[in-house]
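The values are calculated or read from the model by the stated rules, or taken from the named source; none is laboratory data. In this text the structure is predicted, and so the values were computed from the model without any measurement. Quick reminder, even Gly has a Cβ in these numbers, built from the backbone with ideal geometry, and neighbours come from all protein chains shown.
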Amino acid sequence: MSLNGGRGFASDNSATIHPDVLAAIARVNVGHTFGYGHDEYTGGVERLVAAQFGQYARAFLVFNGTGANVLSLRAVCRPWDGVICATTAHLNVDECGAPEHIAGVKLLTVEAENGKLTPALVRRRIDRLGDEHAVQPRVISVSQCTELGTLYTQDEMQGLGEFAREHGLILHVDGARLANAAAALDVKLFAAAGDADVVSFGGTKNGLLAAEAVVFVRSELADGFLYLRKQSLQLASKMRFLAAQFEALIRNQLWLQCAGHANAMAARLAVALRDVPGLTITRPVETNAVFAVLPPAVTASLQHDYPFYVWDEVAGEVRWMCSWDTTEEDVDQFAAAVRAALG
Ligand SMILES: Cc1ncc(COP(=O)(O)O)c(C=O)c1O
């Protein structure tokens, strides 16, 4: 993988920017306008994004997914609140402690098979309510789809939503790949997010240059968010260029085209590798990721030509991510290389 055309399966962040997105950026790259979203354009795009999540939703554009997650939690938690999430959640393992450090929340983690919470698992972290010595659970955060490429069904999302309501908890969805989930479930974005109160809605992994959104489905939770976004360093001065990216993503359902394609490429890779001796696919392939275990020496040799990440060094588990711009040839060549490397 390189800047001269090399390709790999490391991450959907490794992919290029969709040409429609670049064209949208170029379209607004004329004239001078007010910054910080006070132009004549950004408000309309924020409403367009919000409308994907219901008529009362409010959307705010930010730079990155960690920012979207941390801000979502910061907006809805008090200093003594806790956030229940899977141990594998990006919040827990890949944000360098930002939820704890910047949002000031304690993460209440639960081991969850294939990265998926259930009401029964969440229930384990709901204790010592009203005890001033203990952090009080406030949020359930689920990743849809999960960091392991698995998917919550609509029923599962509904079950978690009902559980949250019954226990007076807020449901946050880390939707860095919500588009992949919606494409896989063949539903609209809001339906893939279930009964979420607040969603980190991703774009960067799905063809954008760099833009994500915090969407408050329950609009009253957005109270004061403008201040929080600025205070948390996520307010873009040249906001029109973030807005242009999201307009491209939503108009003509580019999100669905890109995410559906990425999912299809992962399915193709899984089919190509499913009966290869010496390789085991370790997770259900439901969106745009394939996880597998293979001998470490084979992994190392493949990584010379096709960069990808080792997910779990102890288990020898690797992750292969497909993107909006992964081609069938990319997949077929890689699958052939894996077969050859395994002899
Ligand atoms: C599930 C999930 N959430 C959030 C993020 C955060 O995105 P960023 O790297 O833009 O901060 C990622 C990125 O890998 C992710 O996979």
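General remarks:
- Test: residue in segment 128-135 that is of a type outside the set (A, V, I, L, M, F, W, C) and touching a residue at least 24 places away in the same chain (Cβ under 8 Å): no
- If you go through segment 127-171 and keep only what is small (G, A, S) and more than 16 Å from the ligand (Cβ to nearest atom), you end up with G130, A134, G159, G161, A164, G168.
- Of all residues in segment 55-79 being β-branched (V, I, T) and out of contact with any strand residue (DSSP E or B) (no Cβ under 8 Å at 6 or more places or on another chain), the one that is nearest to N13 (Cα to Cα): T66
- Verdict on A244 being at negative phi, in contact with a Gly (Cβ under 9 Å, 6 or more places away or on another chain) and in contact (Cβ under 8 Å) with a residue 60 or more places away in the chain: no
- Of all residues assigned to segment 194-202, at least one qualifies as being under 20 Å from the mean Cα position of the chain (by Cα) and under 29 Å from V293 (Cβ atoms).
- For T16, the test of being away from the ligand (no atom under 11 Å from the Cβ), over 30 Å from E113 (Cα atoms), within 19 Å of the chain's Cα centre (by Cα) and not hydrophobic (A, V, I, L, M, F, W, C) is passed.
- For A193, the requirement of being more than 19 Å from A86 (Cα to Cα), within 16 Å of the ligand (Cβ to nearest atom) and either in contact (Cβ under 8 Å) with a residue 40 or more places away in the chain or buried (at least 16 other Cβ atoms within 10 Å of the Cβ) (or both) is not met.
- Scanning segment 265-299 for residues that are in contact (Cβ under 8 Å) with a residue 60 or more places away in the chain, in contact with a strand residue (DSSP E or B) (Cβ under 6 Å, 6 or more places away or on another chain) and over 21 Å from N13 (Cβ atoms) gives a single hit, L279.
- Being within 17 Å of the chain's Cα centre (by Cα) and basic (K, R) holds for only one residue in K230, K238, K205, and it is K205.
- Residue in segment 206-228 that is within 16 Å of the ligand (Cβ to nearest atom), surrounded by 19 or more Cβ atoms within 10 Å (Cβ to Cβ), assigned by TED's automatic domain parsing to the domain that holds Q55 and under 20 Å from E286 (Cα atoms) present: yes
- Inside segment 45-101, residues that are part of a loop (DSSP other than H, G, I, E, B), more than 16 Å from the ligand (Cβ to nearest atom) and either buried (at least 17 other Cβ atoms within 10 Å of the Cβ) or outside the structural domain of S232 (by TED's automatic domain parsing) (or both) make up a count of 4.
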